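A quick write-up on the structure given underneath.
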There are 2 protein chains.
Amino acid sequence: MSFKKIVLDEKDIPKQWYNIQADLPEPLDPPYNARENRPASPDDFKAIFCDKIIKQEMSAERWIDIPEPVREVYKIWRPSPLVRAANLEKFLDTPAKIYFKYEGVSPSGSHKSNSAVAQAFYNKEAGVKRIATETGAGQWGSALSMACEMFGLECVVYMVKISFEQKPYRKSLMQAYGAQVFASPSTQTETGKKVLSQDPNSEGSLGIAISEAIEDVITHKGAKYSLGSVLNHVAMHQTIIGLEAKKQLEIAGDYPDIVIACLGGGSNFAGTAFPFIMDKLQGKTNLRAIAVEPSACPKLSKGVLAYDFGDSSGFTPALKMYTLGHTFMPGGIHAGGLRYHGASPLVSALVKHKLAEPVAVKQREVFEAAITFTRTEGVLPAPESAHAIRAAINEALKAKEEGKTKTILFNLSGHGHFDLSAYDNYLSGKMVDYEYPEEKVCEALTHLPKIK
Amino acid sequence: MSFKKIVLDEKDIPKQWYNIQADLPEPLDPPYNARENRPASPDDFKAIFCDKIIKQEMSAERWIDIPEPVREVYKIWRPSPLVRAANLEKFLDTPAKIYFKYEGVSPSGSHKSNSAVAQAFYNKEAGVKRIATETGAGQWGSALSMACEMFGLECVVYMVKISFEQKPYRKSLMQAYGAQVFASPSTQTETGKKVLSQDPNSEGSLGIAISEAIEDVITHKGAKYSLGSVLNHVAMHQTIIGLEAKKQLEIAGDYPDIVIACLGGGSNFAGTAFPFIMDKLQGKTNLRAIAVEPSACPKLSKGVLAYDFGDSSGFTPALKMYTLGHTFMPGGIHAGGLRYHGASPLVSALVKHKLAEPVAVKQREVFEAAITFTRTEGVLPAPESAHAIRAAINEALKAKEEGKTKTILFNLSGHGHFDLSAYDNYLSGKMVDYEYPEEKVCEALTHLPKIK
């Protein structure tokens with residue numbers, strides 16, 4: 001048995017984020033204002049985002065300085081460890097070397113804190129008093145609550161009602177960080193009231209919660225909105241993961257052949273893989289970057305590349321992305337963070353250009369991998385992160401079959417201490433797989449916004 | 001805002017544990033076999049513990065080598081960080097310097113893993129196949145489950161039924177690590193069956209669970225028992241906490257005036273404070289070592305120093321310790337890990353000799369401190385650990401009042417991600433304090449074993 005962590009010093013926390021927009025084979029298609037049938041302008045975002053965030057969203061600068069106060073808060077848990085999963089390798093009897101970066105050490109238990117802290121800082125600097133957001137299972141909401149508390153900002157979270165009721169622990173975590181948490185649909189907004197008047201027992205949806213958060217921003221002076229994935233600036237903030245991992249692999253005298261991360265909206269995959277895809281774009285490597293999605297929600301594998309709304313009610317500007325249609329409702333897999341219909345425009349562009357490849361995996365094989373990992377490496381992964389583990393194990397077994405030495409890096413984006421009911425479901429033999437519902441997707445795709 | 005972690009390298013993981021038995025002002029009173037009315041001999045322990053564990057329990061050697069395979073597993077999370085809580089200091093506006101050692105980074109989320117790994121190793125080495133234990137809230141059970149999995153041992157956990165039902169998450173964590181978990185009273189043992197025949201709805205107790213675990217050991221070939229606190233060898237395994245903290249403070253150019261840890265059975269306090277009390281015993285320092293207990297279960301503050309059983313049913317040998325009586329049932333505070341009637345014989349001896357001092361704090365002031373800490377330092381503590389935070393804040397405020405610079409070190413023994421229902425109880429204003437029940441204790445003390 002052998003465990004090897006590669007730990008960096010605080011001074012090694014990167015001083016800049018990597019912005020892959022600088023290196024894309026062609027510029028991104030701009031966001032589109034579907035209501036007014038024209039490309040969206042920065043002004044379209046001003047009501048909900050502060051200027052620096054909008055600037056980052058649009059920027060083509062390769063390196064963006066991480067403000068010192070952000071680096072300071074990062075120090076609570078960063079640099080995060082890189083671990084050689086030697087015990088897993090031995091168990092698999094594979095010639096492959098497997099490394100994982102471990103983001104579960106953050107106070108919210110996942111990588112989401114990396115962007116939350118940055119967003120809270122820029123809003124504070126811009127004089128914003130209140131940040132509103134939505135959350136499903138609660139990873140993003142708890143990360144943002146903690147970040148807002150650090151910078152003295154009010155934080156308001158609209159949490160999908162069924163999660164609010166079924167997953168009260170994440171709600172309590174947000175409240176412990178001082179956030180106001182409302183079950184959505186709520187009576188705080190006209191949107192919420194309208195939904196409730198039509199269906200007092202509504203369980204809510206991420207779409208409704210987004211609409212409520214945005215209405216909250218528009219109706220409160222000094223308030224801005226914050227998003228936990230999908231957008232370019234969020235993806236960029238997460239690159240600290242891959243940048244640290246690169247330094248750590250350098251210390252280990254290694255470089256990956258394969259980089260793997262799970263994909264919901266895309267910020268986790270972006271953060272892990274973009275700093276390596278940079279090398280690929282510069283012709284320095286042929287590595288493969290694998291984005292792992294649930295087969296119940298396979299936007300990259302089975303979706304179309306088209307303009308679509310970010311939310312299920314069509315409130316946001318439309319983004320050019322791989323999507324299953326914004327009205328598509330995936331099966332109830334436990335990896336709530338991966339139940340999103342679209343993929344970040346940046347990741348979508350890379351997939352289009354074959355610079356990243358998608359893999360879809362089923363829920364039960366994901367939990368099987370999670371248990372293998374828990375019992376060999378000792379760390380219980382979040383169900384989302386376990387998607388990356390499944391793919392890493394598959395690649396390690398393939399290397400064994402082919403008799404090839406491969407270096408595999410994956411990101412363990414969060415711990416599973418909030419997800420034990422999902423493990424109970426698996427271990428008790430009750431877990432089901434969700435088939436990919438071709439017909440539902442086809443139906444959802446008929447609702448894509450009409451772009452001229 | 002400022003955050004400063006002091007991180008050690010893996011090679012700095014201590015190579016030896018510190019055994020304070022070598023330095024005590026007088027030797028410990030030996031365990032007592034109350035059934036046969038004679039001091040207990042090593043043979044009394046052979047049925048349930050392997051030889052090396054018994055040897056450590058009785059040893060007066062100052063330093064005991066940590067086996068390499070144990071250090072190897074420690075590397076999964078150790079060395080744990082030491083953090084200067086500068087943001088908390090600023091919030092309190094205190095001249096005191098506050099440091100905390102953070103044990104919540106372990107895979108089980110608490111310090112319990114430090115001894116679990118050592119105990120699993122020694123049992124494996126001795127050819128043991130199966131380890132049985134009891135657990136209340138589940139911290140110890142999950143730590144031992146993980147440790148057994150690492151060394152390929154079968155692990156059987158008898159979990160108090162009311163916790164099994166009310167706290168299913170810890171149960172699932174143990175199962176994810178491959179342990180068999182039974183709600184106690186169970187039908188696995190004669191003890192359990194007997195209890196159930198008398199009361200089919202019994203909610204169980206730690207006493208019943210201990211009896212079931214010990215019966216399991218006696219009735220299974222190749223099985224041994226494992227305990228998560230109280231005993232000398234467990235206290236010694238935990239000294240890795242204080243030994244690391246000492247190195248880290250040295251790097252920071254500091255040394256504590258006050259060392260603080262919460263106390264349930266005593267191993268957390270022992271692990272944190274003993275390496276510093278060593279300096280005190282050697283006349284090198286006058287530091288104060290504070291053991292923080294809940295006012296609902298104040299064995300050190302209000303108990304008597306007497307021989308008492310380790311379990312509530314009087315099955316174990318009697319130990320000389322501060323106790324509230326083994327039949328004492330404390331109020332239902334959320335810090336389940338501190339609801340134990342007695343205190344480790346080693347800690348009890350130090351308190352007797354005024355080398356450690358107890359402080360008792362109330363539940364609501366503990367959670368108030370926990371919230372202050374969460375919102376300044378970003379990390380949500382376990383309710384047990386929050387007892388230490390309360391005492392640290394109190395000392396920092398006293399330093400402010402007196403205008404004195406003090407260096408305070410406390411151990412944050414675990415994270416609170418499993419304890420959010422307790423936070424919910426506090427934040428919703430429903431939390432109550434439990435008064436110290438003088439009359440119940442007096443009653444319980446009449447049940448102390450009769451020693452000649």
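Would you confirm, using the coordinates I've provided, whether residue A:79 is within 17 Å of the chain's Cα centre (by Cα) and within 11 Å of chain B (Cβ to nearest Cβ)?
Taking the combined requirement at face value, the residue does not satisfy it.
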Inset, instruction - Go through the stretch B:120-136 and give me each residue that's within 14 Å of chain A (Cβ to nearest Cβ) and either open to solvent by less than 10 Å² (accessible area, probe 1.4 Å) or among the small types (Gly, Ala, Ser) (or both). - result: B:120
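Each row is one residue, and each column tells you yes or no for (1) of a type in the set (S, T, N, Q); (2) closer than 23 Å to residue A:426 by Cα.
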{"residue": "B:177", "(1), (2)": "no, yes"}
{"residue": "B:187", "(1), (2)": "yes, no"}
{"residue": "B:190", "(1), (2)": "no, no"}
{"residue": "B:195", "(1), (2)": "no, no"}
{"residue": "B:199", "(1), (2)": "no, no"}
Inset, instruction - State which residue is farthest from the other protein chains (Cβ to nearest Cβ) when the search covers only the stretch B:1-34 and only residues that are under 21 Å from the mean Cα position of the chain (by Cα), more than 21 Å from residue B:353 (Cα to Cα) and in a loop (DSSP other than H, G, I, E, B). - result: B:14
Inset, instruction - Check whether at least one residue in the stretch A:89-100 is more than 26 Å from residue A:153 (Cα to Cα), surrounded by fewer than 20 Cβ atoms within 10 Å (Cβ to Cβ) and within 14 Å of chain B (Cβ to nearest Cβ), and report yes or no. - result: yes
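Take the conditions at pLDDT 95 or above, crowded, with 24+ Cβ neighbours inside 10 Å and within 22 Å of residue B:186 (Cβ to Cβ) and apply them to residue B:142. Does it pass?
Taking the combined requirement at face value, the residue satisfies it.
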Legend entry - Single unsatisfied condition, residue A:154 versus (1) at the interface with chain B (Cβ under 9 Å from one of its Cβ atoms); (2) surrounded by fewer than 21 Cβ atoms within 10 Å (Cβ to Cβ): (1)
Legend entry - Spans of helices (runs of 4 or more DSSP H) in the stretch B:132-231 with at least 1 residues under 17 Å from the mean Cα position of the chain (by Cα), without any contact (Cβ under 8 Å) to a residue 24 or more places away in the chain and farther than 29 Å from residue A:372 by Cβ: none
Legend entry - Residue that is under 20 Å from the mean Cα position of the chain (by Cα), open to solvent by 20 Å² or more (accessible area, probe 1.4 Å) and more than 12 Å from chain A (Cβ to nearest Cβ), where the choices are B:61, B:57, B:103: B:57
Legend entry - Top-ranked residue of the stretch A:177-206 - restricted to ones that are among the β-branched types (Val, Ile, Thr) and modelled with pLDDT under 95, ranked as surrounded by the fewest Cβ atoms within 10 Å (Cβ to Cβ): A:195
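Kindly indicate which of A:440, A:404, A:450 is under 25 Å from residue A:272 (Cβ atoms) and more than 14 Å from chain B (Cβ to nearest Cβ).
Numbers: A:440 fails: under 25 Å from residue A:272 (Cβ atoms); A:450 fails: under 25 Å from residue A:272 (Cβ atoms).
Unique residue meeting the criteria: A:404.
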Inset, instruction - Can you confirm whether the stretch A:277-287 contains a residue that is modelled with pLDDT of 95 or more, buried (at least 22 other Cβ atoms within 10 Å of the Cβ) and not β-branched (Val, Ile, Thr)? - result: no
Inset, instruction - Would you please list the contacts, defined by Cβ atoms under 7 Å and residues six or more apart or on different chains, that run from a residue in the stretch B:366-378 that is within 7 Å of chain A (Cβ to nearest Cβ) to a residue that is of a type in the set (Phe, Trp, Tyr) and outside any helix (DSSP H, G or I)? - result: B:374/A:177; B:375/A:177
Inset, instruction - Quickly run through the stretch B:162-176 and pick out the residues that are touching an Asp or Glu at 6+ places or on another chain (Cβ under 8 Å), open to solvent by 20 Å² or more (accessible area, probe 1.4 Å) and among the polar types (S, T, N, Q). - result: B:175
Legend entry - Of all residues in the stretch A:230-264 being small (Gly, Ala, Ser) and surrounded by fewer than 24 Cβ atoms within 10 Å (Cβ to Cβ), the one that is nearest to residue A:335 (Cα to Cα): A:252
Inset, instruction - Identify the single condition in (1) outside any loop (DSSP other than H, G, I, E, B); (2) touching a strand residue (DSSP E or B) at 6+ places or on another chain (Cβ under 8 Å) that residue B:279 does not satisfy, given that it satisfies every other one. - result: (2)
Legend entry - Condition broken by residue A:117, with the remaining ones in (1) under 23 Å from residue A:14 (Cβ atoms); (2) surrounded by fewer than 23 Cβ atoms within 10 Å (Cβ to Cβ) satisfied: (2)
Legend entry - Tally of residues being open to solvent by 10 Å² or more (accessible area, probe 1.4 Å) and farther than 25 Å from residue A:275 by Cα across the stretch A:315-329: 7
Inset, instruction - Could you please find all residues in the stretch B:407-432 being buried (at least 16 other Cβ atoms within 10 Å of the Cβ) and away from chain A (no Cβ under 14 Å)? - result: B:407, B:408, B:409, B:410, B:411, B:413
Legend entry - Residue, farthest from the other protein chains (Cβ to nearest Cβ), within the stretch A:35-54, restricted to residues that are buried (at least 17 other Cβ atoms within 10 Å of the Cβ) and modelled with pLDDT of 95 or more: A:54
Legend entry - Lone unmet requirement of (1) away from chain B (no Cβ under 11 Å); (2) open to solvent by less than 10 Å² (accessible area, probe 1.4 Å) for residue A:70: (1)
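For every residue, the table says whether it meets (1) within 26 Å of residue B:325 (Cβ to Cβ); (2) of a type in the set (Ser, Thr, Tyr).
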position: B:184; (1), (2): yes, yes
position: B:191; (1), (2): yes, yes
position: B:195; (1), (2): yes, no
position: B:211; (1), (2): yes, yes
position: B:214; (1), (2): yes, no
position: B:220; (1), (2): no, no
position: B:226; (1), (2): yes, yes
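The values are calculated or read from the model by the stated rules, or taken from the named source; none is laboratory data. Being a predicted model, the structure only gives us computed values, none of them experimental. So basically every Cβ, Gly included, is an ideal-geometry build from the backbone, and we count neighbours across all protein chains shown. What goes into the accessible areas is simple: the full protein's heavy atoms, side chains included, and nothing from ligands, DNA or RNA. Shrake-Rupley method; radii C 1.70, N 1.55, O 1.52, S 1.80 Å.
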